[in-house]
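The block underneath contains the structure these notes are about, expressed in structure tokens.
The values are calculated or read from the model by the stated rules, or taken from the named source; none is laboratory data. Everything numeric here is computed off the predicted structure, so don't read it as measured data. Positions of Cβ are generated from backbone atoms using ideal geometry, with glycine treated the same way; all protein chains shown enter the neighbour counts. Each accessible area value is taken on the protein alone, full model and side chains, heavy atoms only, with ligands, DNA and RNA left out. Shrake-Rupley method; radii C 1.70, N 1.55, O 1.52, S 1.80 Å.
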Amino acid sequence: MPSPEDLLENLDPEQRAAAEALRGPVCIVAGAGTGKTRTITHRIAYGVATGLYVPTEVLALTFTTRAAGEMRGRLAQLGAPHVQARTFHSAALRQARYFWPQVYGTELPEVVGSKFGLVAEAASREGIRRPDNAVIRDLAAEVEWAKVSNVRGADYPDVARRRGREVADLDAGRVAAVMAAYEDVKRERGRIDFEDILLITAAILADDERIAAQVRRQYRWFVVDEYQDVNPLQSTLLDLWLGGRDDVCVVGDPRQTIYTFAGASPQILADFAQRYPDAERVSLVRNYRSTPQVVAVANAVFDGVRGEAHGRPLQAQAAPAEPVRYLGYSDEPSEASAVADEIVRLHRSGVPYREMAVLFRINAQSEAFEEALGERDVPVTLRGVEGYFQRAEVRQAVTLLRGAARAGEDGADATVDADAPDHGRLGHEVRAVLASMGHTETAPSGPGATRDRWESLHALVTMADDLAESQPEAGLTELLADLDRRAQSAHAPTAEGVTLATLHAAKGLEWDAVFCVGTHEGMMPITHADTPQAVAEERRLFYVGVTRARRHLTISWARARKPGGRQGRKPTRFLDPLLPPDHPARGGSVVPRPKKRSNVELESLDADARAVFERLREWRSTTAAEAKVPAYVVFTDATLLALAELRPADAHGLVGIPGIGQTKRERYGEAVLEVIAQQG
């Protein structure tokens, strides 16, 4: 077992000060990458090693089972294996199961695994007919928010209006009615939900002083990790566990409060000093994760911002590396292509794919990067986001589009409303199909599953519009062929691949190379962040993304959604203190879209290469006709020109040629090599 001196030996001065602060209220403000978990586990182990803490009297609280497991593992290595490290819910459930029979004489009711079915029944009782799954998910999320925020159903309409809460375009009174019906359904079934675990435990402790005293004898010392994510209900439960005592240590970072939509309150961390005026405060500022270049960006995110509790600037401890890159592109496909190319370059230089991540604001942004990486045969792993073509609403929509295409082949003829906007025939056909799923041209207000579903479906609309613009005669058959091509390009997720993740899902993780993409106004901050508080949270979310990077950080945006579109987008306002004065974006310039090969380039090839190109075009035409797909679905001209120029002799030579991923190598590789070999 390590001695007390051993436990302090390798801590930096701030970490050591925190570890030695064993009594009374302590607030540790731990900036990103400053060794937060290391500090609190050494603090607990030091308290045990000095004899002040009895291990079984310590309760360390965190927010995920993964974090709790990591904490227990570290404590065991440090000689404190019997300390309780649990999530709030795990600790509360343990107590509720033990004390419920003593209070009520029965076993604790069964905890439902999912609210979905009960909320759906409650919505039906309140006359919300045939709501889609996204609406039910949003209602379930609002039930959770109200409960953890200590908002009663009767008070919900007034509170929702004051805080700007919106659920799937339902008025607040109707949402409150669903909440009440949900509680009725749950009671009738004899079930409790996840939030009830906290409510029940809090109620037992508040109502039965005998039980409260027993719990307080059991736990004498409290440590709360990620305190900036505590919600009002968890704060209430913590107060009941403490019972007026002040032996509590909280650890958090106000700059990483990104879950207020789910009930977390940054004010709880900010008010800690007011609640405990004599609390000892220690700031961890030495960042061991990131290069000085990345740390400078992280510090600058809050430059000139007032009214935020930021903590002290980070101090980089890692060795310097390459500068942070800020890149604006003409359109989203160019951005995705350039990011994929840079990932391939980094991989060739020795950075493992698993040590790279592409981070974006919303799920719908993943599709372009899935496709671009798939075309380059780069494996991916998805975190906090489902593969675009695997999403339930996208699968359903594609199935309906296939049905509509078959109906059209049988002679059905879609009609176009004379008063409708001119989206072209393909655009109208797609919109008509998606309308049967409840999709509208206007996005629902606010965040949530309903908004995510709309974004996914509207991406299909924009794909149809783009195809119709480039091929005016294209119909549903051509669109489906294009969708199939996109789906085939994307790889199945693998554990060793490049991580694609939302910024929310990236919290707590880190990679050698991070690409923060789509960072334009309207996406970062997102368009429905229309209050100062909401924009402040978007800024914190951007900060979380930036601080995930160890050595390589690229921040990029696109000036337009599609090639040839109006270049009207601006980089996020959060970059204002970051972009160098001479950066092209200051003057509205962008990284030019990579030039496609043209007939001039064909003419510049030698005679043998031109002959190979023509033979490949003939082969492509025959192959596309047999498959009943447009020629570009097989290979683009750019890919054929690259093949003609390089003339690979074997399958290995096909690797790395733009537009030829694993799927196309398997499908067409042998035939392509045979065509090239025929030229001799």
Here the residues within segment 184-242 that are touching a Gly at 6+ places or on another chain (Cβ under 9 Å), charged (D, E, K, R) and surrounded by 19 or more Cβ atoms within 10 Å (Cβ to Cβ) are D225, E226, D229
Do we have P648 as over 15 Å from L616 (Cα atoms) and either at pLDDT 85 or above or open to solvent by 40 Å² or more (accessible area, probe 1.4 Å) (or both) here?
no
Output the residues belonging to segment 357-380 that are in a helix (DSSP H, G or I) and either among the hydrophobic types (A, V, I, L, M, F, W, C) or in contact with a Lys or Arg (Cβ under 9 Å, 6 or more places away or on another chain) (or both).
N363, A364, E367, A368, F369, E370, E371, A372, L373, G374, E375
Filtering segment 33-55 down to residues that are charged (D, E, K, R), open to solvent by 20 Å² or more (accessible area, probe 1.4 Å) and in contact with a strand residue (DSSP E or B) (Cβ under 8 Å, 6 or more places away or on another chain) yields K36
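Could you grab me the full set of residues in segment 1-41 that are free of Cβ contacts under 8 Å to residues at least 40 places away in the same chain and assigned to a loop (DSSP other than H, G, I, E, B)? Talk me through it step by step, then tell me what you get.
Within segment 1-41, the subset free of Cβ contacts under 8 Å to residues at least 40 places away in the same chain is 5-6, 8-11, 13, 16, 19-20, 22, 38, 41.
Scanning segment 1-41 gives N10, L11, L22.
Hey, among V600, V612, V629, which residue is surrounded by 14 or more Cβ atoms within 10 Å (Cβ to Cβ), farther than 14 Å from G659 by Cβ and modelled with pLDDT under 85?
Details: V600 fails: surrounded by 14 or more Cβ atoms within 10 Å (Cβ to Cβ); V612 fails: modelled with pLDDT under 85.
One residue alone meets the criteria, V629.
Could you tell me which of the residues R289, R281 is in contact with a strand residue (DSSP E or B) (Cβ under 7 Å, 6 or more places away or on another chain), on the phi < 0 side of the Ramachandran plot and in a loop (DSSP other than H, G, I, E, B)?
Numbers: R281 fails: in a loop (DSSP other than H, G, I, E, B).
That would be R289, the only listed residue that is in contact with a strand residue (DSSP E or B) (Cβ under 7 Å, 6 or more places away or on another chain), on the phi < 0 side of the Ramachandran plot and in a loop (DSSP other than H, G, I, E, B).
Within segment 527-553, which residues are β-branched (V, I, T), open to solvent by 10 Å² or more (accessible area, probe 1.4 Å) and outside any loop (DSSP other than H, G, I, E, B)? Outline the logic, then answer.
Within segment 527-553, the first condition is being β-branched (V, I, T), and the residues that meet it are 527, 531, 535, 544, 546-547.
Of the ones still in play, those that are also open to solvent by 10 Å² or more (accessible area, probe 1.4 Å) are 527, 531, 535.
Within segment 527-553, just V535 meets the criteria.
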Selection within segment 287-305 - modelled with pLDDT of 90 or more and open to solvent by 60 Å² or more (accessible area, probe 1.4 Å):
Y288
The lone condition G350 fails out of (1) open to solvent by less than 40 Å² (accessible area, probe 1.4 Å); (2) out of contact with any helix residue (DSSP H, G or I) (no Cβ under 8 Å at 6 or more places or on another chain) is (1)
Might you let me know whether segment 569-576 holds any residue that is touching a strand residue (DSSP E or B) at 6+ places or on another chain (Cβ under 9 Å), β-branched (V, I, T) and surrounded by 15 or more Cβ atoms within 10 Å (Cβ to Cβ)?
yes
